[in-house]
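Working notes, structure below.
The values are calculated or read from the model by the stated rules, or taken from the named source; none is laboratory data. The model shown is predicted, which means the values in this text are computed figures rather than measured ones. No Cβ is skipped: glycine too gets one built from the backbone with ideal geometry, and neighbour counts run over all protein chains shown.
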Ligand code: RRO
């Protein structure tokens, strides 16, 4: 009988395999997220949701770069009260359903996270890393005092695992991870997008309406792997690697750097959700070839060399 090598325990959640849908991909509806579940993803993270509805930035909100995408969507979302209907539906998924949460103050993070968990979210992922919306996202995640306050306050009211998604746009991500860990986070997601921009050479106009956005996709994978490696050296928390995963080898690289699971975003947006299957199959074949019984055996293995 084939042994199950792929299951992972992630901060109290059981995943059938170490792949997850990253936040921001395929919108906020339970129906579209349910379609991802059918393709084999081990867990799902929603687009970030806040206290009030937000339109986001005007178009263009996404441009193609040579090895990825630059986006400045501007946190479009229907607000938590509207989104609760989708969470209730998603409760029936047979994989963990994680709601990404943002706020413009610690109190807002707390209120949104509590509503998400009360509606049935299996965990929340605090977005303290969106690179281009003022007074939230990375403006919180780059400020150790504010970051600690947000994490601490959410942890006092939420009885489900609290993941914290960090920004690479900092001088020392390991220090920020340590602040996050000391404030009581259950896991760290690394990384959100890298601050970037593109300019039209004919018109001399920045291509995004917001001018500055966040770069995702293969271009940022080495940055993300380095961040996971540095965080693993500094803190004991489980890490979820995110940034430029497009195949099983990328995913395995993150596991070797110290991630317990990997999120896939841009590649799903570009190539479609079928890639989950090939990534899962590839990791399984790799473990089998190396004579290993579990994903756990390769988490952080590169630190031994
Ligand atoms: O909505 C966005 O513009 C956005 C978010 Br919330 C985020 O966390 N990261 C990003 O690149 N874009």
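Among the residues of region 45-56, those that are within 13 Å of the ligand (Cβ to nearest atom), over 26 Å from residue 248 (Cα atoms), in a loop (DSSP other than H, G, I, E, B) and touching a strand residue (DSSP E or B) at 6+ places or on another chain (Cβ under 9 Å) comprise 48, 50, 56. The set of residues from region 1-44 being touching a strand residue (DSSP E or B) at 6+ places or on another chain (Cβ under 8 Å), more than 23 Å from residue 239 (Cα to Cα) and surrounded by fewer than 18 Cβ atoms within 10 Å (Cβ to Cβ) is empty. Looking at 89, 125, 149, just one residue is over 29 Å from residue 60 (Cα atoms) and at pLDDT 95 or above, and that residue is 149.
Candidates are the residues of region 247-260 that are part of a loop (DSSP other than H, G, I, E, B) and in contact with a strand residue (DSSP E or B) (Cβ under 8 Å, 6 or more places away or on another chain); the one that is nearest to residue 302 (Cα to Cα) is 258.
Being in contact with a helix residue (DSSP H, G or I) (Cβ under 7 Å, 6 or more places away or on another chain) and either within 9 Å of the ligand (Cβ to nearest atom) or under 18 Å from residue 131 (Cβ atoms) (or both) holds for only one residue in 41, 72, 65, and it is 65. I'd like the residue in region 135-149 that is away from the ligand (no atom under 12 Å from the Cβ) and part of a loop (DSSP other than H, G, I, E, B) and, out of all such residues, is surrounded by the fewest Cβ atoms within 10 Å (Cβ to Cβ). Going through the qualifying residues, I end up with 135. Set side by side, the residues 195, 221, 165, 211 differ, and just one is within 16 Å of the ligand (Cβ to nearest atom) and more than 25 Å from residue 268 (Cβ to Cβ), which is 211.
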